[in-house]
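Notes follow once the structure below has been shown.
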Amino acid sequence: MATKSLHDAPKTRSPGSIAHSRAATQGQWGRAWEVDWFSLASVLCLLLFAPLLVYYFVMACDQYSCSLTAPALDVATGRTRLSDIWARTPSVTKEAAQLYVLWVTFQVLLYVALPDFCHKFLPGYVGGVQEGAVTPAGVVNKYNINGLQAWLITHLVWLANAHCLAWFSPTIIFDNWIPLLWCANGLGYAVSTFAMIKGYFFPTCAEDCKFTGNFFYNYMMGVEFNPRIGKWFDFKLFFNGRPGIVAWTLINLSFAAKQRELHGQVTNAMVLVNVLQAIYVLDFFWNEAWYLKTIDICHDHFGWYRGWGDCVWLPYLYTLQGLYLVYHPVQLSTPYAAGVLLLGLLGYYIFRMANHQKDLFRRTDGRCLIWGRKPKVIECVYTSADGQKHRSKLLVSGFWGVARHLNYTGDLMGSLAYCLACGGGHLLPYFYVLYFTALLV
């Protein structure tokens, strides 16, 4: 999203906000101080159409067997009305609301109340209390890294229920999929609105807030840099990973259970989607401490973009392949399935190793081996917004000597593998790779 970054402090000050003279020397972390017309138009389009897009995809599967063109054609030709489509859409139910509240509460408790113990017995895993990057105001936040532990406990409970306890049906997520959508929207809008109000009136760190004077941009992109409640509940870290990403693999398992219930078997395509996306999710939680150094945490503020996006966009659009396979069970030939698996694993390998090489190079200041050799480096000198000169090193060995951001290429290969597992019957399961390509480019 194009933004107009200005070195000056914001012209519009907010009640209870920052307006400190230090703002001019803080650099341009994160979103803009002021909004150009293109950024505002983009924000308004996302606020208006992103929720409609999610609803359209889910509705298309529920009412039109995952066809993206059939609903539009029916409305355009007069065979149905928008009011008819809406009338056929399941509304929120008491069961779905209770389920969603229980789910979010469980994840909050796992996040704030249970110290991480995985780092004590898993070699190479970094968990427990970790420090984040320095914020523009000079704050170094501490984080309770226990996402892997939360994922493991959650899935152990799920498996125990499926095989022993029988507290609920494994298909419970699919059976309440659209009612849960309304619950997820409720949380997404509630937390985004609360974060906006908090940023104006009782921010965690006033010097790390940004105000543009435009309500819609502030709401979308966020006011506070690191909104927190208490010592440990960090909005960005929690909503980036929990409840959405922990739920990702559970949603896929529920879809697989529903496919078995409806069709008598779990197809190899569904197995591939579950396995490849589980690898991606586990990689995220295994590297959660590393994630503290990424753009998401180091630059983005917390607004609707992250609050609603992590509650609704991620769990509902990143799981379209599994949802599609419930309605259209695909059994792939062995060579085709092997090719999809190979593509997904190769993509993951490139994604992970390219990131590892960059991280190793940065941590050792280049005193390391990349592909068994001393890394090649371009020495860089640049001047920051405050007039200070800095030196940096650009890695041009290993994957970073083949192409810039080959980690994105690996990510896209994995994304394509998820989609190819669904065959070529419909466009809907391919939305993920199309969206991800646009996002990364």
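Taking every residue in region 412-441 that is over 17 Å from Asn252 (Cα atoms) and pairing it with any residue that is among the acidic types (Asp, Glu) and outside any loop (DSSP other than H, G, I, E, B), at least 6 positions away or on another chain, the pairs with Cβ-Cβ distances below 8 Å are Phe436/Asp411; Leu440/Asp411.
Tell me, which residue of region 165-188 that is open to solvent by 60 Å² or more (accessible area, probe 1.4 Å) and modelled with pLDDT under 95 is farthest from Ser254 (Cα to Cα)? It comes out as Leu165. Residues in region 217-240 that are assigned to a helix (DSSP H, G or I) and not charged (D, E, K, R): Tyr217, Asn218, Tyr219, Met220, Met221, Phe235, Leu237, Phe238, Phe239, Asn240. Among the residues here, Ser39 does not qualify as modelled with pLDDT under 95, assigned to a loop (DSSP other than H, G, I, E, B) and either within 19 Å of Phe302 (Cα to Cα) or open to solvent by 50 Å² or more (accessible area, probe 1.4 Å) (or both). Assess whether Val396 counts as being surrounded by 14 or more Cβ atoms within 10 Å (Cβ to Cβ), of a type in the set (A, V, I, L, M) and more than 28 Å from Phe284 (Cβ to Cβ). No. Within region 302-325, is there a residue that is in contact (Cβ under 8 Å) with a residue 12 or more places away in the chain, open to solvent by 10 Å² or more (accessible area, probe 1.4 Å) and assigned to a loop (DSSP other than H, G, I, E, B)? Yes, that holds for at least one residue.
All conditions in (1) touching a residue at least 40 places away in the same chain (Cβ under 8 Å); (2) surrounded by fewer than 20 Cβ atoms within 10 Å (Cβ to Cβ); (3) out of contact with any helix residue (DSSP H, G or I) (no Cβ under 8 Å at 6 or more places or on another chain) hold for Phe215, with the sole exception of (1). Which residue is surrounded by the fewest Cβ atoms within 10 Å (Cβ to Cβ), if the candidates are limited to region 189-200 and must be closer than 11 Å to Glu224 by Cβ and touching a residue at least 24 places away in the same chain (Cβ under 8 Å)? Per the criteria, the residue is Tyr200. Selection of first residues in region 163-181 that are among the acidic types (Asp, Glu) and of second residues that are in a helix (DSSP H, G or I), restricted to Cβ pairs under 8 Å at least 6 apart or on distinct chains, gives the following pairs, ordered by first then second residue: Asp175/Lys258.
Total residues in region 118-147 satisfying the condition of being more than 22 Å from the chain's Cα centre (by Cα), open to solvent by less than 20 Å² (accessible area, probe 1.4 Å) and modelled with pLDDT under 90: the figure is 1. A residue that is among the aromatic types (Phe, Trp, Tyr), in a loop (DSSP other than H, G, I, E, B) and at pLDDT below 90 cannot be found anywhere in region 192-209. Against the test of being within 20 Å of Glu34 (Cα to Cα) and among the hydrophobic types (A, V, I, L, M, F, W, C), the options Ile197, Ile229 yield a single qualifying residue, Ile197. Against the test of being open to solvent by 10 Å² or more (accessible area, probe 1.4 Å), outside the structural domain of Tyr418 (by the TED database) and under 19 Å from the mean Cα position of the chain (by Cα), the options Phe238, Phe233 yield a single qualifying residue, Phe233.
The values are calculated or read from the model by the stated rules, or taken from the named source; none is laboratory data. Because the structure is predicted, anything quoted here is derived from the model rather than measured. Note that we place each Cβ from the backbone using ideal geometry, even for glycine, and neighbour counts take in every protein chain shown. Surface accessibility is based on the protein's heavy atoms, side chains included, excluding ligands, DNA and RNA. Shrake-Rupley method; radii C 1.70, N 1.55, O 1.52, S 1.80 Å.
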